[in-house]
Amino acid sequence: MADKVRDPTSTGERVDLPITGMSCAACARHIEENLSQSAGVRSAGVNFATARATVVYDPGVTSIKRLIEAVKQSGYDTAPPRRAEFILDDSARPSGSARPLEARLESLAGVVSASFNLGTMHVRVEYVPGGATADQIKREIEALGYRAIEVAGQGDAAEDGERAAREAEYRSLLRKFNVAAVLSLPILVIAMSHGRVEALNFAGVNWLQLALTTPVVFYSGWQFYRGAWLAFRHRTADMNTLIAVGTGTAYLYSVAATIAPGVFGTTQGHEGMSGMSEGAPVYFEAASVIIALILLGRLLESRAKGRTSEAIRKLIGLQAKTARVVREGGERDVPVEEVIPGDLIVVRPGEKVPVDGVIVDGSSAVDEAMLTGESIPADKTAGDEVFGATINRTGSFTFKATKVGKDSVLQQIVKMVQDAQGSKAPIARLADVISGVFTPIVICIAIAAFVVWFVLAPVDTRFTMALMSFVSVLIIACPCALGLATPTAIMVGTGKGAENGVLIKGGDSLETAHKLQTIVLDKTGTITSGEPRLTDVVAADWIEERELLRLVAAAERKSEHSIGEAIVRGAAERQIAAGETAHFNALAGHGVEATVDGHRLLIGNEKLMTDRQVALDGFDARAALMSSAGKTPMYAAIDGKIAGLLAVADQVRPESKKAVDALQRMGIEVVMITGDNRRSAEAVAKQIGITSVLAEVLPEGKADEIKRLQGEGRLVGMVGDGINDAPALAQADVGIAIGTGTDVAIEASDVTLIKGDLSGVVNALALSRVTMRTIKQNLFWAFIYNIIGIPIAAGVLYPLTGWLLSPIIASAAMSFSSVSVVTNSLRLRRFRPPVGAG
């Protein structure tokens, strides 16, 4: 998909263009360089595995159309834009120019071009999949006062253009492979017979091989020769160059040897690979079978690469297609694209929630596993948020739509995962640099091998050995594995993270996360729930606990303090009905006084009790114990006599202890940071096993504390959820935002945890480690393959063993290397979160 958005790090705009026709990392580097040199482009990156170019550009200097042209000038193409056509109501005919409407439409995300014919009132728009939709374009037209009727176009229900292009490319590869395989099989049989089978050793056998090989070269292998020519025109070389030169040399020599065998001598004294005992040796099988094997490798690679982005397709497929909207006094089903913020939507049991919103009536249990990874449905009542694509399990409810289209949580997740999958990790730069110079070096090695063996080998076999070494070096030296090593692992890793409620913004964040040495956890809302709760009710001997709580809750019902709200909620949870309050007075910094059911109540801290001369009767000792446990005690006096003690605390999340233990087992130092007093902070830290506490830190001081830890040489991760955490999240090497927190914190972070608890931190770091391990394995095998394979193909083992690598074996090994890298990356799909339900 393509998507144009305002890039937060630049004054330009950003577009993601799907690329077709790339065959290796060198292709990606060539397109990247060409785009980077285009006027108005601020930065460009091309990901070989995702077949996507990410470009940040100045819309005042260039356009998406020009960027597409730059890709085509590089010798490649993009997925074709979609088209939408509208006829405008004739009564709305403008008196001026068509340009204002065209300009407005061209300003939409992903629109390539827009034309408006004033004579026919016909509007035609081309747009890139993933940007604007046909419905958005129609709404934009109608916002200018026109009535638009869509008369043609592919529409938003059409198959995604990018995916269609990939599938068409796969089908084309399959046809070419089938032709190559069928025609190459008899050629291979002839070659493997070595002239010993009488039926295959007839006078016209070389002409037969020529007839069979020519369609393979000029149909099945034409893409390699075309790619090599385009690369040559741009003064570069890529994988197509290696294949074209290798197979082309074998084919052209064999054609010449077939037409004029006397020029090249005979095979007397050795057996040519063609199997002929007399005449010039031919190597048609080296051209045809190599092309067939390379196409087979491309097919397997294409199929495997398609599976690496499976998470994206799953997420997109979760979206509901229709919504039951309350309009004009009744319920009607409308396409989900037509839902607007403010619509009331009815959801029945078993249905998907179509868009994001807030429940206004009814209750249910909603399965949010696609967002959080949590298998237990979440109870929802009036006032609770629901999210598009989650599943309503039990009751019916009506909710008010708040976020639709690209603003919904699901679409934001899809966008974040797409961005992450299209990004490059720093470790990928090594492969990029190598792939840029790899092909010219390989061509030099191949030429050197040809010269050495032509000079040193016996006269009767020197040309055969020189030619075979030359072709084998070119064929075995595939930079594809290097180009696929990093992005395929990142694609699968970030996709798997999204399935488990861990959204990683980019490859650089993924790479840094696995090296973190210290994790700093904000207390409120991260370690704790962020909402004070009533934890203790201790009554004097002369009054029952429930009666004490009933009276205190009635008094606190008019309080705006969070402690009072916690007491009222606590009474409601215990199904205690509060009494009637006749008089209420808030005592700032001390507590409240009120009259309830004729009783005078005084509720507050120890100083309030002392000032009003209320004897504590030993409750002060209990209050001290509560304080040491991180709770906030409140005394209650009725008619001037101490009645009891209530405690409120921001309770530790039940999963926090398990998560901290897991982080410490991973060798990571865990630090808690909070603005609370040290005693309360240390009490909370003790509950979950944290020994390092930064207490009484003002919001603006959190980033300074992160900087101080970094100054000690540590790589630091910060976990938080509030606005006051945003500077610290941005300062940290990796900022991790609890997804239930504020948008500002999420925007400033590198990783977002949708589920909203610390188990996601462990899962994110574990995923980072296993992904980086996979990348290193991929790079190791890609490097080792080339380090070992090229010398063998050049013939270094021949003086010791008499063994010379066949070009056919070289092509099979080359294909296997790319497929093995992708397959190794796909093992990440078996990742299981170490903590949580996931």
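The values are calculated or read from the model by the stated rules, or taken from the named source; none is laboratory data. No experiment lies behind these values; they were computed from the predicted model shown. Glycine also receives a Cβ, built like all others from the backbone with ideal geometry; neighbour counts cover every protein chain displayed. What goes into the accessible areas is simple: the full protein's heavy atoms, side chains included, and nothing from ligands, DNA or RNA. Shrake-Rupley method; radii C 1.70, N 1.55, O 1.52, S 1.80 Å.
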Förster-model FRET efficiency, 45 Å R0, D135 and W222, C-beta, rounded to 0.05: 0.65
query: In whole Hz, what ³J(HN,Hα) sequence does the range 38-45 give by Karplus (6.51, -1.76, 1.60; θ = phi - 60°), x for Gly and Pro?
result: 6, 4, x, 8, 7, 7, 8, x
message: What does the extension gain come out to for R327 and R235, with contour length at 0.36 nm per residue minus their alpha carbon separation?
response: 26.8 nm
message: At 7 Å along Cα-to-Cβ for each site, give me the label-to-label distance between E573 and R708 in nm.
response: 3.5 nm
message: Loop-only chymotrypsin sites (Phe, Trp or Tyr not before Pro) in the range 542-620, please: DSSP not H, G, I, E or B, and at most 13 other Cβ atoms within 10 Å.
response: W542
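At 1.4 Å probe radius, can you tell me the per residue accessible area of the range 614-672 in Å²?
Here the residues of the range 614-672 average 41 Å² of exposed surface.
For a Förster distance of 60 Å, can you work out the FRET efficiency between the beta-carbons of L715 and E85, rounded to the nearest 0.05?
Taking R0 as 60 Å, the efficiency between L715 and E85 is 0.65.
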- line: Of the range 487-522, those with amide N under 14 Å from the point 7 Å along the Cα→Cβ vector of R773 are 514-515
statement: Each label sits 7 Å from Cα toward the beta-carbon; between K641 and E33 the label points are separated, in nm, by 9.2 nm
message: Calculate the FRET efficiency for S115 and E531 from the Cβ-Cβ distance with a Förster distance of 60 Å, rounded to the nearest 0.05.
response: 0.60
- request: Subtract the Cα-Cα distance of M192 and S363 from 0.36 nm times their separation in residues, and report this length gain in nm to one decimal.
  value: 54.2 nm
Carbon + sulfur, % of accessible area of the range 684-822 - ligands and nucleic acids excluded, 1.4 Å: 63 percent
